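> Following this message is one structure expressed as structure tokens.
Each value in this text was obtained by applying a stated rule to the coordinates, not by laboratory testing. In this text, all values refer to a predicted model and were calculated from it rather than measured experimentally. For neighbour counting, all protein chains shown are included, and Cβ atoms are generated from backbone atoms with ideal geometry for every residue, glycine included.
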Amino acid sequence: MTPRSAAMLRVISDPRPRPILPNAVLGTLIFVIAEMMMFAGLISALSIVKAGAVGWPPPGQPRLPVEATAFNTAVLLTSGVLLFVANRDYARDRKLARSPLFWAIGLGAFFVVFQGYEWVLLIRQGLTLASSNHGSFFYLIVGMHALHAIAGLTVLASAGFKLSKGLLKPSTFAATQVFWYFVVGLWPVLYYLVYL
Amino acid sequence: MISKKHTCALLISTSLVLVPRLAAACAVCFSGRSDEARVAFLATTVLLTGLPLLMIGSVVWWLIRRAREVRGDHPPVSPAID
């Protein structure tokens, strides 16, 4: 028996059941649940401080760019939709998934850069971490989300690189999607609570 | 046998229950004096209690459905990602 046929026989006669969920996806789900609880804690603290404040945002503090961030929110949501399209194309033909995946990465990167630009403007206007509770919560919550967005973009870029080389495993792609959908899905909630 | 020292400590700690403001036993109960703050405390308590149960429950429910799919007891409801 050749080594190749012996390996094939091992695969065919493998008594282990098919995994319910790949380890990469399960691990990412557990991580996302933990991160959701962290954001829930931050949101709770913000809600209680807001409820106890005389006025919110506090007088003398700059107003947040609601309209510009609404546009940026739409950009991030579009990135999530494009990742969904990439997943659908990946199931049909892996080469088709390249274009929507790279667009999803590009829009995600635009979101992060635009957020950074807004931060620069707000800091110039006097909203800093130490200027008020408003500034502290804004930079803490939005900054934590931005860190997650950068991490998500890194794994998306890694998935895009592997896809272009033909090395992307379905389980890796699924785990990447779970994380990016978390980043995309969380943002509208944060936008509503922090900006509006 | 309970000593006098233990009885005394028990009486003091029990009597503090009667004067919670003095004992500052519950920071949450006394810091939110306005209605808005009370609602915020209630809503965040519900959020922080319910969210982990909801998330873990959803994952477990989905895993059970997926296990049934893999065994062939149930029609497929989600794409295969293995």
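> For region A:124-135, name all the residues that are part of a helix (DSSP H, G or I), free of Cβ contacts under 8 Å to residues at least 60 places away in the same chain and in contact with a helix residue (DSSP H, G or I) (Cβ under 9 Å, 6 or more places away or on another chain).
Within region A:124-135, the subset part of a helix (DSSP H, G or I) is A:124-125, A:133-135.
Those still in the list that are free of Cβ contacts under 8 Å to residues at least 60 places away in the same chain too: A:124.
None - no residue of region A:124-135 is part of a helix (DSSP H, G or I), free of Cβ contacts under 8 Å to residues at least 60 places away in the same chain and in contact with a helix residue (DSSP H, G or I) (Cβ under 9 Å, 6 or more places away or on another chain), so the list stays empty.
> Considering only region A:43-55, state which residues are buried (at least 17 other Cβ atoms within 10 Å of the Cβ) and more than 8 Å from chain B (Cβ to nearest Cβ).
Answer for region A:43-55, where residues must be buried (at least 17 other Cβ atoms within 10 Å of the Cβ) and more than 8 Å from chain B (Cβ to nearest Cβ): just A:Leu46.
> Can I ask one more? May I ask you to list pairs of residues, at least six apart or on different chains, whose Cβ atoms are under 6 Å apart, with the first in region A:93-113 being free of Cβ contacts under 8 Å to residues at least 24 places away in the same chain and the second being surrounded by fewer than 18 Cβ atoms within 10 Å (Cβ to Cβ)?
Note: pairs meeting the criteria are A:Leu96/A:Asp89; A:Pro100/A:Val85.
> Every residue in region A:20-34 that is in a loop (DSSP other than H, G, I, E, B) and more than 10 Å from chain B (Cβ to nearest Cβ), please.
none
> Just to be sure I understand the filter: pairs with C-beta atoms under 7 Å, separated by 6 or more residues or on different chains, first member in region A:142-167 and over 24 Å from A:Gly116 (Cα atoms), second member basic (Lys, Arg) and part of a helix (DSSP H, G or I). Which pairs pass?
A:Leu163/A:Arg94; A:Leu163/A:Arg98; A:Ser164/A:Arg98
> Related question: Among A:Ala40, A:Ala68, which is closer than 30 Å to A:Leu129 by Cα, within 12 Å of another protein chain (Cβ to nearest Cβ), aliphatic (A, V, I, L, M) and outside any loop (DSSP other than H, G, I, E, B)?
On the way: A:Ala68 fails: within 12 Å of another protein chain (Cβ to nearest Cβ).
Residue meeting the stated conditions: A:Ala40.
> Can you list residue pairs whose Cβ atoms sit under 6 Å apart, with the first residue in region A:44-56 being in contact (Cβ under 8 Å) with a residue 12 or more places away in the chain and the second being crowded, with 17+ Cβ neighbours inside 10 Å and not hydroxyl-bearing (Ser, Thr, Tyr)? Count only pairs 6 or more apart in sequence or on different chains.
Matching pairs, first to second residue: A:Leu46/A:Phe137; A:Ser47/B:Ala40; A:Val49/A:Asn133; A:Trp56/A:Lys50.
> Does any residue of region A:96-110 turn out to be within 14 Å of chain B (Cβ to nearest Cβ), part of a helix (DSSP H, G or I) and either of a type in the set (A, V, I, L, M) or within 24 Å of A:Ser164 (Cβ to Cβ) (or both)? Working first, answer last.
The initial filter retains those residues of region A:96-110 that are within 14 Å of chain B (Cβ to nearest Cβ), namely A:97.
Adding the requirement that they be part of a helix (DSSP H, G or I) leaves A:97.
Pick out the ones that are also either of a type in the set (A, V, I, L, M) or within 24 Å of A:Ser164 (Cβ to Cβ) (or both) and you get A:97.
Yes; the residues of region A:96-110 include at least one that is within 14 Å of chain B (Cβ to nearest Cβ), part of a helix (DSSP H, G or I) and either of a type in the set (A, V, I, L, M) or within 24 Å of A:Ser164 (Cβ to Cβ) (or both).
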